[in-house]
Amino acid sequence: MSLTQPLDNEIEINGQTYEWDLSYDNVLRFYELMNDDSVNEIEKIQLAFKMFVPECTADIETQIETVQAISKYISGQDEEELEPSENHKQYYSFEQDADYIYASFLQDYGVDLIDLQGTLRWEKFIAMLNSLSERTKFSQVVSIRAAEIPSGNSEYEIAERNRLIQLKDLYALKDENSVSYAEQEIDSMFDRLVESAQEGGERE
């Protein structure tokens with residue numbers, strides 16, 4: 001995000017520019033779609049392409065390339081980044097923590113996310129999410145999940161360890177729901193699709 005440049009409202013595909021929908025709720029629907037086991041991978045690409053660029057028609061190879069580029073953009077990955085780094089790990093889930101996120105935005109910013117569906121850009125949403133204050137429930141829960149359990153044997157450390165273990169259990173994040181897990185699965189899906197396309201080209 002740049003404070004001196006407007007957010008891009010268009011994407012170039014095959015030499016033509018099209019408006020793209022990067023509203024925060026549309027991106028969250030993309031994550032939900034990628035986690036839907038009832039939809040096969042090609043259908044996921046086709047549906048995601050229409051979600052992001054509804055006015056464009058393209059072949060499946062172009063759709064894969066476009067959705068992959070958008071996926072990397074919204075996840076904040078560099079084009080050359082092959083594996084998620086440790087500091088890229090996220091301790092939250094857009095689905096599991098939806099209530100916390102909604103309430104925390106309302107608490108810190110006075111922003112009702114439901115009212116901003118279809119209008120609030122993803123980049124703004126993420127900037128606000130990452131900057132929520134420590135007094136919000138979302139930040140407190142994320143802090144608990146990320147905290148290291150103390151290993152000392154003092155009375156205080158034992159009490160703190162027991163307290164933190166209980167809190168971690170209370171707010172445990174299911175791996176398959178975490179943002180980090182979802183992004184890794186999406187990357188793996190694109191690897192499979194690209195490899196399949198390359199093998200098809202070699203056979204031809």
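The values are calculated or read from the model by the stated rules, or taken from the named source; none is laboratory data. No experiment lies behind these values; they were computed from the predicted model shown. Here the Cβ positions follow ideal geometry from the backbone for every residue, glycine too, while neighbour counts run over all protein chains shown. Please note that ligands, DNA and RNA were not included when accessible areas were found on the heavy atoms of the full protein model with its side chains. Shrake-Rupley method; radii C 1.70, N 1.55, O 1.52, S 1.80 Å.
List of remarks:
- Considering only Cα atoms, the convex hull volume of the chain works out to 165 Å³ per residue.
- Relative contact order for the chain: 24 percent, from Cα pairs under 8 Å spaced at least 6 residues apart, divided by residue count.
- Total formal charge among the other residues, if their Cβ is under 12 angstrom from that of SER131, Lys/Arg +1 and Asp/Glu -1: -1
- If you sort the three axes of the alpha carbon gyration tensor as a ≥ b ≥ c, you get a/c of 1.5 or more for region 52-173 and a/b no higher than b/c, which makes it oblate.
- Computed with a 1.4 Å probe on the full set of protein chains, the accessible area for TYR102 sits at about 80 Å².
- Charges were assigned to the Cβ only: +1 to each Lys and Arg, -1 to each Asp and Glu. The resulting dipole of the chain about its Cα centre is roughly 980 debye.
- Where the chain is the region considered: accessible area per residue in Å², 1.4 Å probe: 62
- Whole-percent carbon and sulfur share, accessible surface of the chain, 1.4 Å: 46
- DSSP-assigned coil residues among GluC sites (Glu not before Pro) in region 119-175, each with at most 14 further Cβ atoms within 10 Å: GLU134, GLU148
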